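Chemist: Here's a structure for you.
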Amino acid sequence: MKIRTVNLTRSFRVGSSEITAVKATNLEINEPKLVTIIGPSGSGKSTLLNLIGLNDYPTSGEVFIDDSNTSQLSGSERRKIRGARIGFVFQTFNLFPTLSALENVELPMSLVNKSQKEQRERAMKLLETVGLARRHDHRPKQLSMGEMQRVAIARALANKPEMIIADEPTGELDSATAKEIISLLQDINERDKTMVVVATHDEKIIDAADLVYTMQDGQLKPKRGSE
Amino acid sequence: MLFNGQVTVVSKDAIVIQAIPIGGGMLPQDSTVEEIRAIPGVSAVTPVLFVTSVGSQMLIQAVPVNFTMGIPVEDWELALGPIALKGNGHLPANDSSSEIVAGGSLADQYDWTVGTEIQVNGYKLHVSGVLDTRMALLSRCLVMPLRLAQSIYNYPQMVNIIAVKPVQNVPQQNLTEAIKSDKKIINVNALTETQRNDIIQPILEELQTWTIGTEAVVFIISLILVMTVTVMSVSERRRDFATLDAMGAPASYVFRVVIIETSLIGVLGGVIGIALGSLAAIVLASLYTSIPVALFFPSIFEIVPPLYMLEMFTAIVGICCVGGVIPAANAMRMRIAEVLRAEY
């Protein structure tokens, strides 16, 4: 998967004033690398991730995925891309509290009509990968924060996405657990050749990243290893 | 139905609701009965003393629940229809001064069986039989020989309703007109079976109007409540819906989830609501009538008919589905980025 943004801008109207969260941003990621975007809170990191994850529409500019301009796509086409090619990991995990760990991982597969057997086998395999096979029948409430985030990562991998977008994935975790999560994301990137784009404050992720960008007042600047 | 296929004669200022004479004065038994018997087209005449309330005091109650009927014993079947008694009971003799037959519900409530001695207005009476009937009025009734009733309630030779059976093929209408136009029978009103049923019709219609109005108000309030609850439930789960959207769930999926949830709430709420509502109905009936709740349980499906339960259930599920549509549509239109941003 290749991601390219051209003059990407996103503004919000707050009362009578307009705030530009992302300003004319040009970003290009052509290989399945581990990319981090760092910056203070409110700098526009999450907005940028939402734009390249097709969760949001730009005010101006374009997002290209594999050279196709996503601004031409309909809502349902964007959904299809999100469901099949992009996985999301959130700071607050966003697991469904009434579903078990296994069912949470199965859910994205049920949305693309995989057979029940296929869903179960893959979900169990993914939970094994993140070290939670034995806790597959536990509900989120019965899991620790680190375990919840691992379930969320397993869920993000369910439909074999080409890109994982992780917004502050270690923001709620202690440093030891955060280290495990970072190593998991690194493994996914290296083993599965999945592009991982992370917005973070965490120095450890920054150290592990192939590409590092900084975001300040909506402007993206390369910091290390940019293409 | 009491006095089936018969004309009923009551005092001019009395009204008859189905078979119960309300208000009005008494009729002199012998002269009235004999005059009616002499009218052409009359097959049989049954004088009846109908008294509301069983007990030491004769009270006119807003909701009469206990009755006494004094009828000549040989005419009981004519007036009441086929009579079945529980166990080893028997009908009293016509000249009996102490034997009576009790309705099943009354007997159950006060634990009366054949041979039980009871006291009414200072008279010691014996239960000679317990009526085996599902007719609500008869099951709350003491039936006794006419003379005994007249003695107990101090109406010597007086009755307040006379059932008149027409000869076959004589229309009831003709008979009522003949009775009313007979100059020897004064201060009476004669009603066909249809007329006495129709008396209650305007009241029923008025009640029905009130019921429709109440139902409409309850329907609208329920709709608002269901919508409020669903809107709250949806807004509390904005993040879940946004997450589903981020995972590529089609908009119809979210709509379906909300509608299925509200329908399930409707099904569960309907079952629980109907069970509690039926219980409340018999508790209220018990409070109004002083009949123990337990006696109402066997007839719960008569108090709240199954068809009515089904109608209510369908309405509740319908309300929940309709009430869920707007919140579901709102959930479907959520902009995920805005929701996710608001969550942080």
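Chemist: Identify all lysines with a Cα-Cα distance to A:Lys23 below 19 Å; exclude those on the same chain that are fewer than 8 residues away in sequence.
Modeler: Leaving aside lysines fewer than 8 places away in the same chain, those within reach of A:Lys23 are A:Lys45, A:Lys221, A:Lys223.
Chemist: Can you pull out the trypsin sites (Lys or Arg not before Pro) in the range B:67-142 whose DSSP state is coil and whose Cβ has at most 12 other Cβ atoms within 10 Å?
Modeler: Within the range B:67-142, the qualifying trypsin sites (Lys or Arg not before Pro) (loop, at most 12 other Cβ atoms within 10 Å) are B:Arg134.
Chemist: If contacts are Cα pairs under 8 angstrom and at least 6 residues apart, what is the relative contact order of chain B in percent?
Modeler: 21 percent
Chemist: While we're looking at this one, here's another question. If you plug each phi of the range A:114-130 into the Karplus form 6.51 cos²θ - 1.76 cosθ + 1.60 with θ = phi - 60°, what whole-Hz ³J(HN,Hα) values come out, in order, with x for Gly and Pro?
Modeler: Calculated HN-Hα couplings, in order: 6, 5, 4, 5, 4, 4, 5, 5, 5, 4, 5, 4, 5, 5, 5, 4, 8 Hz.
Chemist: Given points 7 Å out from each Cα along the Cα-Cβ axis, report the A:Asp187 to B:Thr211 separation in nanometres with one decimal.
Modeler: In this crude spin-label approximation the distance works out to 6.8 nm.
Chemist: For the range B:110-171, state the average projected area of the convex hull of the C-alpha atoms over all orientations, rounded to one decimal in nm².
Modeler: The number I arrive at for the range B:110-171 is 6.4 nm².
Chemist: What does the structure give for A:41-47 when I average, per residue, the other chain Cβ atoms found within 10 Å of the residue Cβ?
Modeler: 1
Chemist: With an 8 Å Cα cut-off and a minimum separation of 6 or more residues, compute the relative contact order for chain A in percent.
Modeler: Relative contact order for chain A comes out at 29 percent.
Chemist: Residue by residue through A:49-55, how many Cβ atoms from other chains fall within 10 Å of the Cβ on average?
Modeler: 4
Chemist: Next up: Projecting each Cα onto the charge dipole of the range B:155-203 (Lys/Arg +1, Asp/Glu -1 at the beta carbon, about the Cα centre), which of B:Gln168, B:Ile199, B:Met158 comes out farthest on the positive side?
Modeler: After comparing all options, I get B:Met158.
Chemist: If you don't mind, another one. Could you check the simple spin-label distance between A:His201 and B:Ala280, using points 7 Å along Cα→Cβ, in nm with one decimal?
Modeler: Spacing of the two 7 Å Cα→Cβ label points: 5.3 nm.
Chemist: Could you work out the local net charge near B:Glu117, counting Lys and Arg as +1, Asp and Glu as -1, over the other residues with Cβ closer than 13 Å to its Cβ?
Modeler: Net charge in that neighbourhood comes out at -1.
Chemist: How big is D, in µm² s⁻¹, for chain A by Stokes-Einstein at 37 °C and 0.692 mPa s if Rh is the Kirkwood radius over C-alpha pairs?
Modeler: Estimated diffusion coefficient is 184 µm²/s.
Chemist: Could you pull the Rg and Dmax for the range B:202-343, using just the Cα atoms, both in Å?
Modeler: Every Cα atom of the range B:202-343 included, Rg and Dmax give 20.3, 63 Å.
Chemist: Next up: What are the extents of the Cα atoms of the range A:172-217 along their three principal axes, listed from largest to smallest and rounded to whole Å?
Modeler: Principal extents (largest minus smallest coordinate, Cα): 34, 25, 15 Å.
Chemist: Using the membrane-span-like helix rule (whole DSSP H runs, Cα extent along the own axis of at least 18 Å, mean Kyte-Doolittle hydropathy at least -0.5), which helices of chain B qualify?
Modeler: Those that clear 18 Å and a mean of -0.5 are B:201-236, B:251-289, B:306-332.
Chemist: Beta carbons within 10 angstrom, averaged per residue: use that to sort the peptides B:30-37, B:125-132, highest first.
Modeler: Final packing ranking: B:125-132, B:30-37.
Chemist: Evaluated at 20 °C with a viscosity of 1.002 mPa s, what Stokes-Einstein diffusion coefficient in µm²/s does the range B:7-195 have when Rh comes from the Kirkwood expression over alpha-carbon pairs?
Modeler: Roughly 127 µm²/s, to the nearest whole number.
Chemist: Report the net charge of residues surrounding B:Glu302, where surrounding means a beta-carbon distance below 14 angstrom and charges are Lys +1, Arg +1, Asp -1, Glu -1.
Modeler: Result for the local shell: +2.
Chemist: Another question about this same structure. Under 19 Å from the 7 Å Cα→Cβ point of B:Arg134, by amide nitrogen: which residues of the range B:256-282?
Modeler: What the label zone holds, given the 19 Å backbone N cut-off, is B:282.
Since every read-out is calculated from the coordinates, none of them should be taken as a lab result. Everything numeric here is computed off the predicted structure, so don't read it as measured data. Please note: Cβ atoms are built from the backbone with ideal geometry, for glycine as well, and neighbour counts cover all protein chains shown.
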